[in-house]
Amino acid sequence: MGVLVWSLSIVFGIILLVIFGDRLSDKIVEVAGKAGVSPLIISLVVISLATTLPEITTSTMASLTGAEGIALGNALGSIFANIALVLGLASVIKPLKAGSAAYENSLVMLGSLGFLMLLSVDGSLSRLDGALLLTAYALYLRWLYKKHFVVGVKGEEKHHVRAMPQDYALLLIYGGLMVIGARLVVYGGRNIAEALGVAEYVIGATIVAVGTSLPEMTNAIYGALRERGSISVGNIIGANIMNALVVLGLASLIRPIPTGASTLTIILVLMAMLPMIWELKRSGGLDRKIGVYFLVLYAVYLVLLFSGTEL
């Protein structure tokens with residue numbers, strides 16, 4: 001009976017991901033058109049919020065209960081998986097064209113990581129650090145709004161935001177349903193693996209790690225298949241910025257949290273992030289070559305993990 005329930009959980013989760021991943025991709029383009037901005041901007045903020053909500057909720061609850069864990073290490077792991085696994089897979093399927101705005105925001109992503117690591121040098125994130133991280137994100141949103149949503153030319157607005165609140169609500173709902181689908185896949189896959197006697201660390205590094213990235217992965221793949229590379233890239237850049245500034249900012253604002261990450265983890269993140277930024281600057285997108293590089297890098301990460309290397 002258990003295996004049947006777990007199998008149905010995986011099937012139903014995949015159905016949710018496929019259906020609402022498709023609807024989300026179309027809705028992003030629709031809302032972007034109404035708002036007069038690139039789909040990349042909608043993906044940077046609204047979709048990233050929807051797909052990062054589980055991390056925000058989990059880290060906030062962990063902070064409230066005093067079970068914070070190694071915050072910086074977890075955030076870096078998520079950022080690495082988003083680039084190496086998700087963008088790697090999407091760009092191998094089809095090269096992603098994202099435009100100049102993606103490069104600009106990728107620099108913000110790098111700056112967010114640098115700011116987080118600077119605040120973490122003393123081994124913890126204080127409440128003041130948390131407030132600074134959230135303030136940095138608020139300033140980023142203000143910059144995005146002034147640059148892309150309200151653009152003045154000789155005192156005259158180029159375009160107005162015409163998207164209705166329900167449009168943005170649907171984006172969040174579709175993203176939330178994809179997160180639920182991912183959780184169902186993880187639930188079923190984890191229980192089946194445990195029943196088969198698969199080691200816990202293998203489950204964590206494969207089923208759980210991939211499962212938590214499924215909303216971003218589904219969105220990125222749909223973006224690639226429909227030649228909407230800005231959606232794929234925008235979602236990942238936005239999610240990484242939120243992981244660095246909002247997830248840890250909220251958690252440390254509630255309760256000071258310990259930070260810790262091995263030098264190897266930091267090197268792996270930079271080995272993924274810096275080539276991504278360079279390629280976005282050079283060509284405005286990500287081609288299959290860099291996609292293969294990302295996937296090889298992720299494979300190296302898995303080898304290191306399974307060999308017992310501390311990451």
Lys pairs in the chain with Cα under 26 Å (8 or more apart in sequence, or on separate chains) total 23
Whole-Hz Karplus couplings 3J(HN,Hα) for the stretch 77-83, θ = phi - 60° and coefficients 6.51, -1.76, 1.60, Gly and Pro as x, run x, 5, 4, 5, 5, 4, 7
On the accessible surface of the chain, probed at 1.4 Å with all protein chains in place, carbon and sulfur together account for a percent value of 69
With every protein chain kept in place and a 1.4 Å probe, the residues 190, 288, 162 fall, from largest accessible area down, as 162, 288, 190
Expressed in angstrom and ordered largest first, the alpha-carbon extents of the stretch 246-291 along the principal axes are 42, 23, 14
Expressed in angstrom and ordered largest first, the alpha-carbon extents of the stretch 183-284 along the principal axes are 48, 40, 27
Taking only the Cα positions of the stretch 29-123, the convex hull volume per residue in Å³ is 128
Regression test value, accessible area per residue of the chain, probe 1.4 Å, units Å², expected 44
The distance between the Cα centres of the stretch 254-286 and the stretch 95-119, in whole Å, is 9
Per the Cα gyration tensor, the stretch 218-263 corresponds to an equivalent ellipsoid with semi-axes, largest first in Å, of 31, 12, 7
Once residue 282 and residue 147 are pulled to full extension, the length gained, defined as 0.36 nm per residue separation minus their Cα-Cα distance, is 46.4 nm
Note on the chain: the mean projected area of its alpha-carbon convex hull, in nm², is 16.5
Contact order relative to length for the stretch 169-311, counting C-alpha pairs under 8 Å separated by 6 or more residues, stands in percent at 19
Quick shape summary for the stretch 14-56, equivalent ellipsoid via Cα gyration tensor, semi-axes whole Å in descending order, reads 19, 15, 5
Summing -39500 (n - 2.57) over every DSSP H run of at least 4 in the chain, dividing by its residue total and rounding to the nearest 500, the 222 nm mean residue ellipticity is -23500 deg cm²/dmol
Once Lys and Arg are counted +1 and Asp and Glu -1 for all other residues with Cβ under 9 Å from that of residue 174, the total becomes +2
Highest mean packing first, using Cβ neighbours within 10 angstrom, the peptides 193-199, 247-253 sort as 247-253, 193-199
Restricting to Cα pairs under 8 Å and 6 or more apart, the percent relative contact order of the chain works out to 43
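The values are calculated or read from the model by the stated rules, or taken from the named source; none is laboratory data. Because the structure is predicted, anything quoted here is derived from the model rather than measured. As a convention, Cβ positions derive from the backbone with ideal geometry for all residues, glycine included, and neighbour counts pool all protein chains shown. Only protein heavy atoms, including side chains, enter the accessible area calculation; ligands, DNA and RNA are left aside. Shrake-Rupley method; radii C 1.70, N 1.55, O 1.52, S 1.80 Å.
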